[in-house]
Amino acid sequence: MINRFYLKNHLSFKNINIECDKGLIVFTGPSGAGKSVLMNSILSLFGNGNSKPEVSEVEINNLNINSESFDISSKEEFTIKQRTKSSSKFYINEQSVNKKNLKDFSKRFSKHLHLKDFSDFENHNILDFIDFIISKNSKSFDKLKKTYLDSFNNLKNSKKTLNEINRKESNQDELIDFISFELDKINKLDPKENELEELKKIKDSLSKQDKINEEIEKNSITLEALPKLSKLFALFNEEDITNSIEEIYNKGIDCINSFDQQMEAYNDLDIGDLLDRINNINSLVKKHGSISGILEYKNLKEEELKALKNISFEKEELEVQIQQLETNCLKLANQISLKRQGVLPEVLKNINYFLKLLYLEDLDIVLEKSELSSSGIDQSSLFINTTNINNISSGEFNRLRLALLTARSKYECENGGILFLDEIDANLSGKESESIAKVLIDLSKTYQIFTISHQPQLSSVANQHFLVEKHDNISTIKKLSEDERVNEISRMISGEDITNEAIEFAKNLLKKEK
């Protein structure tokens, strides 16, 4: 639950700090006072809305939340903070978090019920609720669903592979020709590891041949004079100089002989062919990164070519496998569907109990067979008195969703959570508003609920009642005492000119809830 909410410098709010209790928390006040601004600033801390206060913060505890990422242990208090300068930044326990991750984290313990959210009635959510109830009484059901889901995922992946095979098969001849052409280029060239470096060395040597021969010719007299020079220094007993001259002479002769042998080995080389080979290998290296990359690509394409030539056999095997998987999936899906049909009366009984409190006709959930999906073979359709819920009024839809949420909370919410309601009793009659108040009393045993109220019936049952007012363009919030609640509820009944009848009615409402 939220223990405390703090807000600084947001539109007409300057600085507010409120402490919150368990149960139902209601905000009331005149139109334009800032109720929606206040609610949106709280919602923003849970990743919803676009509120941009200078600073806002909630302290939260008593939730069964564990998160190593944010250093949160079960039942421990943690904080969510928003700071806005040029842009908004969010923090969980002072650790920075982006808005998407904040929203995903907050979904674990909070829910925002608003008019544009139809997700509770999406097929997979209705089926998940039914399945949750089955699992409560049958441990084997979770295993059945897992077995089905594994089989369905295998089926989906196999169909994806078959589609790819069909695509390849339709272009089989073209693909075979293209891959064969690519392999032919590589096979004809037949590049070897480190070959390019060796070819470049040969090219470099050949390019230097004439210049080296020219220099050898120029220095031949000098080279021939070195043995004579060595004998001269030997007479002077200069052994170091003699040895150096002999070493230079011998090294020079070795270099010349080695060069001559190398050039002799290159006599049969065609320089044009050499340059062409270097260019061809370079072209492939540019495409594949290296000679290793060329050889890897070659191996890959050889396997692909082999597979293409065997594609008909692979397709036949896969089609048999898909048929077996479909048969198995249908068998498992029908088992799941039977269990859903069996528990459906219990589900409807719980939802319709709350619908009756809300003055709505009974809900009927019809499960019809559809194509296989991750949820099985069932497609749910919801009706109220034979009218599809897509065609009911927004007020009826809101009450239906509240009944569904309350029924689900009986099964799903053992550790509580936080619920935000968008003006749940707006534009309702007193009778309808009273019915919503009764359901929210029940729901508030599980959730801490925050809502804006326009009706005295809901306001009178609140565990905490806050008044939002605006004076001189500055909004304030105040927790109301019992006497102050009488005055505010009277205003809601009769307007700014409060009558004695309104005061008496407000007192009776509050006394009734005690």
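The values are calculated or read from the model by the stated rules, or taken from the named source; none is laboratory data. Keep in mind that what you see is a predicted model, and the values were worked out from it rather than measured. Note that each Cβ is placed from the backbone with ideal geometry, even for glycine, and that neighbours are counted across all protein chains shown. Note: accessible area is taken over every heavy atom of the protein model, side chains too, but ligands, DNA and RNA are not part of it. Shrake-Rupley method; radii C 1.70, N 1.55, O 1.52, S 1.80 Å.
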Can you name the residue in the stretch 398-422 that is among the basic types (Lys, Arg) and open to solvent by 30 Å² or more (accessible area, probe 1.4 Å) and, of all such residues, is modelled with the highest pLDDT? Arg408
Mind listing just one residue for me: the one in the stretch 179-215 that is of a type in the set (S, T, N, Q) and under 14 Å from Ile281 (Cα atoms) and, of those, modelled with the highest pLDDT? Asn187
Filter the strands (runs of 3 or more DSSP E) completely within the stretch 13-127 down to those with at least 2 residues that are modelled with pLDDT under 90 and not hydrophobic (A, V, I, L, M, F, W, C). 110-113
What tally of residues in the stretch 443-481 results from selecting those that are among the aliphatic types (A, V, I, L, M) and touching an Asp or Glu at 6+ places or on another chain (Cβ under 7 Å)? 5
Of those in the stretch 460-502 that are among the hydroxyl-bearing types (Ser, Thr, Tyr) and under 39 Å from the mean Cα position of the chain (by Cα), the residue least open to solvent (accessible area, probe 1.4 Å) is Ser475
Does any residue in the stretch 259-288 that is closer than 14 Å to Asp190 by Cα come within less than 6 Å, Cβ to Cβ, of a residue that is of a type in the set (D, E, K, R) and modelled with pLDDT of 80 or more six or more places away or on a different chain, and which pairs are these? none
Among the residues of the stretch 71-103 satisfying the criterion of being more than 19 Å from His10 (Cβ to Cβ) and of a type in the set (Lys, Arg), which is nearest to the chain's Cα centre (by Cα)? Lys100
Restricting to the stretch 179-193, and then to whatever is within 17 Å of Asp276 (Cα to Cα) and in a loop (DSSP other than H, G, I, E, B), can you tell me which residue is least open to solvent (accessible area, probe 1.4 Å)? Pro191
Take Asn64 and decide whether it is within 20 Å of the chain's Cα centre (by Cα) and closer than 26 Å to Ala403 by Cβ. no
Look through Leu318, Leu325, Leu300 and report the one residue that is assigned to a helix (DSSP H, G or I), open to solvent by 80 Å² or more (accessible area, probe 1.4 Å) and under 30 Å from Leu155 (Cβ atoms). Leu300
Could you run through the stretch 104-144 and say how many residues are more than 18 Å from the chain's Cα centre (by Cα), open to solvent by less than 80 Å² (accessible area, probe 1.4 Å) and polar (S, T, N, Q)? 6
Residue among Glu361, Glu303 that alone is in contact with a strand residue (DSSP E or B) (Cβ under 8 Å, 6 or more places away or on another chain) and either within 28 Å of Asp142 (Cα to Cα) or modelled with pLDDT under 95 (or both): Glu361
Going residue by residue through the stretch 80-103, is there one that turns out to be under 27 Å from Ser409 (Cβ atoms), polar (S, T, N, Q) and either touching a residue at least 60 places away in the same chain (Cβ under 8 Å) or open to solvent by less than 50 Å² (accessible area, probe 1.4 Å) (or both)? no
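Results for (1) in contact with a Lys or Arg (Cβ under 6 Å, 6 or more places away or on another chain); (2) assigned to a helix (DSSP H, G or I); (3) surrounded by 10 or more Cβ atoms within 10 Å (Cβ to Cβ), shown as yes or no for each residue.
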residue: Glu217; (1), (2), (3): no, yes, no
residue: Leu223; (1), (2), (3): no, yes, yes
residue: Ser230; (1), (2), (3): no, yes, yes
residue: Ile241; (1), (2), (3): no, yes, yes
residue: Gly252; (1), (2), (3): no, yes, yes
residue: Asn257; (1), (2), (3): no, yes, yes
residue: Glu264; (1), (2), (3): no, yes, no
residue: Asp268; (1), (2), (3): no, no, no
Scan Ser337, Ser312 and give me the residue that is of a type in the set (Gly, Ala, Ser) and open to solvent by 30 Å² or more (accessible area, probe 1.4 Å). Ser312
Filter result (open to solvent by less than 60 Å² (accessible area, probe 1.4 Å) and within 25 Å of Gly23 (Cα to Cα)) within the stretch 52-66: Ser56, Glu57, Val58, Glu59, Ile60, Asn61, Leu63, Ile65
Write out, first by first residue and then by second, each pair whose Cβ atoms fall under 8 Å of each other, whose residues are 6+ apart or on separate chains, and whose first residue, in the stretch 2-18, is under 16 Å from Glu77 (Cα atoms) while the second is surrounded by fewer than 16 Cβ atoms within 10 Å (Cβ to Cβ) and of a type outside the set (Ser, Thr, Tyr). Asn3/Glu19; Asn3/Asn61; Asn3/Glu77; Arg4/Asn17; Arg4/Glu19; Phe5/Asn17; Tyr6/Asn17; Tyr6/Val55
Picking from Glu59, Glu19, Glu68, the residue that is farther than 21 Å from Lys99 by Cα and of a type outside the set (Phe, Trp, Tyr) would be Glu19
Between Ser44, Ser56, which is touching a Pro at 6+ places or on another chain (Cβ under 9 Å) and among the hydroxyl-bearing types (Ser, Thr, Tyr)? Ser44
So is Ser158 surrounded by 11 or more Cβ atoms within 10 Å (Cβ to Cβ), of a type in the set (Gly, Ala, Ser) and over 30 Å from Ser73 (Cβ atoms) or not? yes
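Residues checked against (1) in contact (Cβ under 8 Å) with a residue 12 or more places away in the chain; (2) of a type in the set (D, E, K, R); (3) open to solvent by less than 70 Å² (accessible area, probe 1.4 Å):
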site: Lys349; (1), (2), (3): no, yes, no
site: Tyr353; (1), (2), (3): yes, no, no
site: Asp362; (1), (2), (3): yes, yes, no
site: Leu372; (1), (2), (3): yes, no, yes
site: Ser375; (1), (2), (3): yes, no, yes
site: Asp378; (1), (2), (3): yes, yes, yes
site: Asn385; (1), (2), (3): yes, no, no
site: Asn391; (1), (2), (3): no, no, no
site: Glu396; (1), (2), (3): yes, yes, yes
Every residue in the stretch 163-178 that is open to solvent by 70 Å² or more (accessible area, probe 1.4 Å) and within 26 Å of Ile281 (Cα to Cα), please. Glu174, Asp177, Phe178
Subset of the stretch 26-38 that is of a type in the set (A, V, I, L, M, F, W, C) and surrounded by fewer than 22 Cβ atoms within 10 Å (Cβ to Cβ) - its residue that is farthest from the chain's Cα centre (by Cα): Ala33
